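Single-structure report; data block below.
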Amino acid sequence: MTNAAEFRSFAADLLAWIDEVEAGNNVADQFPTLAWRLFGLQSECVSTLRDLCRGRGIALDVLRDWRDIPVVPTRAFKEFPITSLSPDHRTAEFRSSQTTGRDFSRCFHDPESLAVYERSALTWFRVAQGLRPGDRRRVLVLTPPKAEAPHSSLVHMFELIRHEHGDEGSAFLAAVDPTSAWVVEPKTAWAALREASDGGTPVLLLGTAFSFVHLLDGRPAGQPPVRLPAGSFVLETGGYKGRSRELPKSDLHAALGKALGLAPQCVRTEYGMCELSSQAYDTFPGDPPAGQRRFRFPPWARAVVVSPETGREVADGESGLLRVYDLANVRSVLAIETEDLAVRRGLGFELLGRAARAEARGCSLMPAAT
Amino acid sequence: MQLPRYFLADLPDRAAVTPAVVTEACLSLKSNRRQFLRERNTDSMVAAIAAIAEDWLDPNNPFRQVALAEGPSALGFSRETLSAGLDAFFRTLTVENLRALLTQDLGHNQRLERLSPAEVETYPRQLAFAQGPPLVAHITAGRLPNPVLTSMVHGLLLRSAQFVKCATGTALLPRLFAHSLREVEAKLGACLEIAEWPGACHELTDALIAQADCVTAMGSDETIAAIRRRVPWNTRFLGYGHRVSVGYVAVEAMSAFTLPKVVAACAQDVIAWDQSGCLSPHAIYVETGNRQTPHRFAELLAAELDRLEGICPRGRLSLDEAASIAARRGFYEIRAAHSGDTALWRSEGSTAWTVVYENDPRFHPSCLNRFVYVKAVAGVEQALEGLDSLRGQVSTVGLGASGLTEQRLAQRFAAWGVTRICPLGRMQEPPLTWRHDGRPSLADLVTWTDWEPGGRG
């Protein structure tokens, strides 16, 4: 088999497993087997990973545990094309948010790997939100539409959700301003929310943390409260990135719940990034309403919290650096080390935030000391 | 040893510190100064400081013992790092050095007592008398004790009352130093206050500034700017913002004979205070052209840091700090696997030390805690190009060079704007006469009276 055929065959087996998970079938855990298979392919075909393995003197047959698969830090995506696709086969490119000019990650897909990305993203979204294929809702998205943000993996996913689950009134409610910033149109957004509220149409309101701040800050004064009907929920993701005032997530969620008439468990968080093809969610059907929130990836992606000192997985309840092993990352690398700090909670994790000092602090931001 | 509750920072209940308490403390300090300090002479202050410093060098000094026992958990330095750092600091506080500082900054070491001529005769004849501010407020930052202890010594020499406001969690060593003064001379202790509150407690900071005749502040450039805005125009303000330092090794120092010594000196600069000061090197620029390459220098530096970790271990890091190191290591490992222009050496199973070699002169700030870059350059001009974005912000260059090369390099770095040049191995041990950020230390604090005597009439 050629490499392309092997990747195709892997993708077919992964998709079959994803189907089983969505169907609720109780199938054996295929993660370790598929992880080794994919790592074998990637360590041959992704030059960055191949160099890394050679640099470390890693041979496939000496690794015992899938957690020993070498991780690639997200920062490396800013400098190297981390993909097994040759330039002429890269039909789609996702980029991390460009807060600092050219300093962004690039992640490439071909139609096959994009299909895996979409299947992974959509399936776990449905599982987390308790939706079935074919269910329709009013999908209101506080980002620009796909045409205006062609390289955002988040917008791609939201478009997918709108396409699969949106009714005819669904819409994207932000635009890209001349500085490339995403700006919510609060009047339109509140009008759309009011219409759904008045018409008893359940809403899926999707957006980034800063877009929700824009929404809250732009609420028209002197109007009766919006009360979204049962079946509605808010999905918030990502940080503020300096694009809005920053408030603690718990305060943001409380404010959103109050402004939209939603119970706390209807305001939910997604964890994802352009370097990953699977996402984690902090609320699932059947979770106790007031229980501790923890993020969970689908069975085909695993979060591992490691000690930055030793690189070893920490004990339950301890904190460390978050690594994600994502089998849906077919054409890049499956093992990613993020710059996020997290607490290990069973099979899930609680997010502590970015290890901000790593790069965000320029010289002048360093802790004061002389 | 249980320290008595004497200073505000000794109180277990931080809520007890209110603006009224700060004001009251400042008024007491000023009154105590009038009673106890104004009539002291310079010689007696010099003698007292030197005696206290000498005592701190004694392993049996109870304050030193508390510093070494509590310092590791309070400040995050290992006992060995603290011990070495305190020794280096207190060794400089000798009678001779203190007098040298007075002469350098004030022209004559009696000028705080009476109208005196400069030691070098001036024409027309002029006599001068210098007075320190009645109350100096020091707003400090960071866990490194040297800058704040140095400021306290300056205040003592000038016989000023001093209120030291420490950043949260950093008061231990200023407190211990103040208690040691108080034990020897209760009257000196009565003219000092040590307190700790978060920078966001503006009402406390404002109460302090309102009483102070002079405010010194250390911290990030933003912090300094924010404090400066709160200080009235007619209160003297001395801000010390963010600075970085680097090492530079000339090709002559790369011979097989000198290289081990230069590497050992450089490693001392990296481990001192766990590289957390403005005087610690972020990067070492190493000249190419010898058979011993910059890459080899980096390899030897890594081996030396590994050896020193067994003798003088790095302190424990927060999760955030350790994660910064882990993230950078991961990234440089990828780069190193990709190209020979980057190489990485690191401690096994910990983040204790990291050396990144880069064949690229562009400066990139280190995440510190013994994480150092070694950069290959053809010569000093290439290093200065790499440092260009930091022009005006480089505090110290540690030189690995000798003779005429050392002179040439020192002159070049000085002309470019570096404010201190010293041999490698001494970067974190500035002399007492060092001009912090290029400014005189005592002379910036005092107010002068000049007298031009009339003729014999």
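Counted over region B:244-426, the DSSP beta bridges are approximately 15% antiparallel.
Give me the angle, in degrees from 0 to 90, between the Cα long axis of helix B:95-106 and the longest principal axis of the Cα atoms of chain B, rounded to the nearest 10. It works out to around 80 degrees. Counting only DSSP beta bridges whose two residues both lie in chain B, roughly 20 percent are antiparallel. Near B:G315, the amide H atoms lying under 5 Å from its own belong to B:S78; only residues 5 or more places off or on other chains count, and H is placed 1.01 Å from N. The order of the peptides A:113-121, B:14-22 by mean Cβ neighbours within 10 Å, most packed first, is A:113-121, B:14-22.
Percent of C-alpha pairs per 10 Å bin in region A:146-203, short distances first: 21, 47, 29, 4. With Cα atoms as the point set, chain B shows a radius of gyration and Dmax of 23.3, 85 Å. Each 5 Å bin from zero holds the following percent of Cα-Cα pairs in region B:244-426: 1, 9, 19, 23, 22, 15, 8, 3, 0, 0. Taking every Cα-Cα distance in region A:279-322 and sorting them into 10 Å bins starting at zero, the pair-distance distribution P(r) comes out as 25, 41, 29, 4 percent. Net charge in the neighbourhood of A:A174 (other residues with Cβ under 9 Å of its Cβ; Lys, Arg +1, Asp, Glu -1) is -2. Centroid-to-centroid, using Cα positions, region B:202-247 and region B:413-431 are 25 Å apart.
The GluC sites (Glu not before Pro) of region B:348-457 that meet both conditions, a loop assignment by DSSP and at most 14 other Cβ atoms within 10 Å of the site Cβ, are B:E348. Taking Lys and Arg as +1 and Asp and Glu as -1, the other residues whose beta-carbon sits under 12 Å from that of A:S278 total -1. Of the residues B:A322, B:T342, B:A171, the one whose Cα sits farthest towards the positive end of the charge dipole of chain B is B:A171 (charges of +1 on Lys and Arg Cβ, -1 on Asp and Glu Cβ, taken about the Cα centre).
For the residues of B:313-325, the average number of beta carbons from a partner chain within 10 Å of their own beta carbon is 5.
For chain A, dividing the convex hull volume of the Cα atoms by the residue count gives 164 Å³ per residue.
For region B:124-172, which trypsin sites (Lys or Arg not before Pro) are both in a DSSP coil and crowded by at most 16 other Cβ atoms within 10 Å? If you can, show how the numbers build up before the last one.
Values: sites: B:R125, B:R143, B:R159, B:K165; in loops: B:R125, B:R143, B:R159.
Filter output for region B:124-172: B:R125.
Between the beta carbons of B:E381 and B:D341, assuming R0 = 30 Å, the FRET efficiency works out to 0.90 to the nearest 0.05. Across peptide B:276-289, the mean count of Cβ atoms from other chains lying within 10 Å of each residue's own Cβ comes to 1.
Annotation for A:E148 and B:N41: the two label points, set 7 Å from Cα along the Cα-Cβ direction, are 8.0 nm apart.
Using only DSSP helix segments of four residues or longer, with each worth -39500 (n - 2.57), what per-residue ellipticity at 222 nm results for chain B after dividing by its residue count and rounding to 500? Computed mean residue ellipticity for chain B: -13000 deg cm²/dmol.
Average projection, convex hull of the Cα set of region B:216-258: 4.8 square nanometres.
Across all directions, the shadow cast by the convex hull of region B:372-457 built on its C-alpha atoms averages 9.5 square nanometres. Where both bridge residues fall in chain A, DSSP classifies roughly 60% of the beta bridges as antiparallel. Quick check on chain A: helices-only [θ] at 222 nm, where DSSP H runs of length 4 and up contribute -39,500 (n - 2.57) each and the sum goes over total residues. Nearest 500, please. About -10000 deg cm²/dmol. The angle between the Cα long axis of helix B:19-32 and the longest principal axis of the Cα atoms of chain B comes to about 70 degrees, rounded to the nearest 10. For region A:216-298, chymotrypsin sites (Phe, Trp or Tyr not before Pro) are listed when DSSP marks them as loop and at most 14 other Cβ atoms sit within 10 Å of their Cβ; the list is empty. Ratio of Rg to Rh for the protein assembly as shown: 1.04 [Cα atoms; Kirkwood radius as inverse mean 1/r over pairs]. Each of B:H295, A:H253, A:H109 was scored by other Cβ atoms within 10 Å of its Cβ. Listed from fewest to most, they are B:H295, A:H253, A:H109.
Projecting the Cα atoms of A:V234, A:Q42, A:W190 onto the charge dipole of chain A (Cβ charges, centred on the Cα centre) puts A:W190 farthest toward the positive pole. The charge dipole of the protein assembly as shown, taken about the Cα centre with unit charges on the Cβ atoms of Lys, Arg (+1) and Asp, Glu (-1), comes to about 1320 debye, rounded to the nearest 20. Legend: mean number of C-beta atoms from other chains within 10 angstrom of residue C-beta atoms, peptide A:299-308, equals 2. Near A:A254, once Lys and Arg are set to +1 and Asp and Glu to -1 for all other residues with Cβ below 14 Å from its Cβ, the sum equals +2. Its alpha carbons considered, region B:1-57 gives a radius of gyration followed by a Dmax of 15.3, 40 Å.
Per-residue Cβ neighbour counts within 10 Å put B:S28, B:S276 in the sequence B:S28, B:S276, beginning with the fewest.
The fewest-to-most ranking of B:I139, A:I18 by surrounding Cβ atoms within 10 Å reads A:I18, B:I139.
If you count Lys pairs in chain B whose Cα atoms are under 25 Å apart, skipping same-chain pairs closer than 8 places in sequence, the total is 4. Axis of helix A:31-45 versus longest Cα principal axis of chain A: the two differ by about 70°, to the nearest ten degrees. Reported value for region B:179-270: 185 Å³ per residue, from the convex hull of its C-alpha atoms.
No lab work stands behind these numbers, since they all come straight from the coordinates. Given the structure is predicted, the values throughout are model-derived calculations rather than measurements. Ideal geometry is used to build each Cβ from the backbone, glycine not excepted, and the neighbour counts take in all protein chains shown.
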